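Enquirer: Structure incoming, see below.
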Amino acid sequence: MTPSHAVKQGARYRYYVSRPRITQDQHESSTALRIPAAEIEPPVTSRMRQWLLDPGSIYQSTRLADPAAQRRLIARATEIGKSWTELPGTRQHAFLTTLIDRIDVGAHQIDIQLRPTRLAAFLDGAATPPPSATEDETQIVSIPVRLRRSGRAIRMLIAGTDPFAAAKPDARLVKLLIRARRFNATLLDSNGVPFAALAKREGVSPSYFTRLVRLSYLAPDITEAILDGRQPRDLTADKLLAHSRLPLDWHEQRTVLGFA
C-alpha cells in the first residue's frame, strides 16, 4: 500500500491505498483497499505499547546475554510504553519505523512484523544481543479486526477494547442527533403546518423528516453515550436511521441498539 491524501474544504485526510488504485488496474480493483490513516495507525501504535509494557514479551523477544542489560532493557521498554503520549512525535515515529519492518492488513487481523533485535540498540546502545540473534529475525504480533467498507474507504472494527484509546464521537451520528433535535423543535413550533411543508422547508423528503423526528426521542443515556463516543462499535448513522421506528420504551431502545 502507498501513503496518499486528499484535501476537502481545506482539511487534509491521509490514506493508505492499494497499488491497483494508484495504477488503476481494473483486473485487481475489486480487491483494492483505501484505508484512512486514522483507522490503522492508532491500533498499531496501541498494540506496540502493549508489547512494550509486557516484560515477558520483551524478554522472549530479546534474550540478551547480560542479565543486567536484560533487566535494564525491560525497564526502559516499560518506561517508553507508559510515557508514550508524552514523547515528541519525532521520537514516536523513529521508534515505530525502526522496530516495525512490515504491516499486513488481512480480512480478520492486522499482522505487525517486528525486528526485535533492534529494540536493544534503540533503547540501550550498550546492550549486546545474544550470539544467535541476527538482524533478520522477525516476530509477528497481531490485532484481530473486521474490515467494513464505508464508501470508497475501509473502516476497521477492532476486536476487544483498546486500553489506551480515548472515546471518539462519531461525527455522522452526532450530526444526526443534532439535526433530529432541530427537526423536533421545528415541528413543535409549526402551529399545525403540515409535515410535507416542514420537510420541504428543511430540504428533505417527508419520510426522512419523520424518521429524524423519531430519533429525538432516544433515551437520554443513549444520546449521552453517542455524544461521548461510547456507543457500540457497530452503531453507525445508517444503522440508527434504519432503526428510526424505535419503541418509546427506553429499555427496549437500549436492547435494539446494543446498549443493554
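Enquirer: Collect residues whose amide H, placed 1.01 Å from N in the peptide plane, falls under 5 Å from the amide H of Val145; neighbours closer than 5 in sequence don't count.
Expert: Result for Val145 returns Gln109, Ile110, Ala159.
Enquirer: Let me ask something additional. His251: accessible area at probe 1.4 Å, nearest 10 Å²?
Expert: 120 Å²
Enquirer: Next up: Amide H to amide H, which residues 5 or more places from Asp101 or on other chains are under 5 Å from it, using H placed in the peptide plane?
Expert: Result for Asp101 returns Gln113, Leu114, Arg115.
Enquirer: Quote the Stokes-Einstein diffusion coefficient, in whole µm² s⁻¹, for the range 73-128, based on the Kirkwood radius over alpha carbon pairs, a temperature of 10 °C and a viscosity of 1.306 mPa s.
Expert: On the way: Rh = 12.5 Å.
It comes out at roughly 127 µm²/s.
Enquirer: In whole angstrom, how far apart do the alpha carbon centroids of the range 194-253 and the range 45-84 sit?
Expert: Centre-to-centre (Cα) distance: 47 Å.
Enquirer: Sticking with this one: Quote the accessible area belonging to Val44 in square angstrom, nearest 10, computed with a 1.4 Å probe and with ligands, DNA and RNA left uncounted.
Expert: 10 Å²
The values are calculated or read from the model by the stated rules, or taken from the named source; none is laboratory data. Keep in mind that this is a model prediction, so the values were computed, not measured. Calculation scope for accessible area: heavy atoms of the full protein, side chains included, ligands and nucleic acids excluded. Shrake-Rupley method; radii C 1.70, N 1.55, O 1.52, S 1.80 Å.
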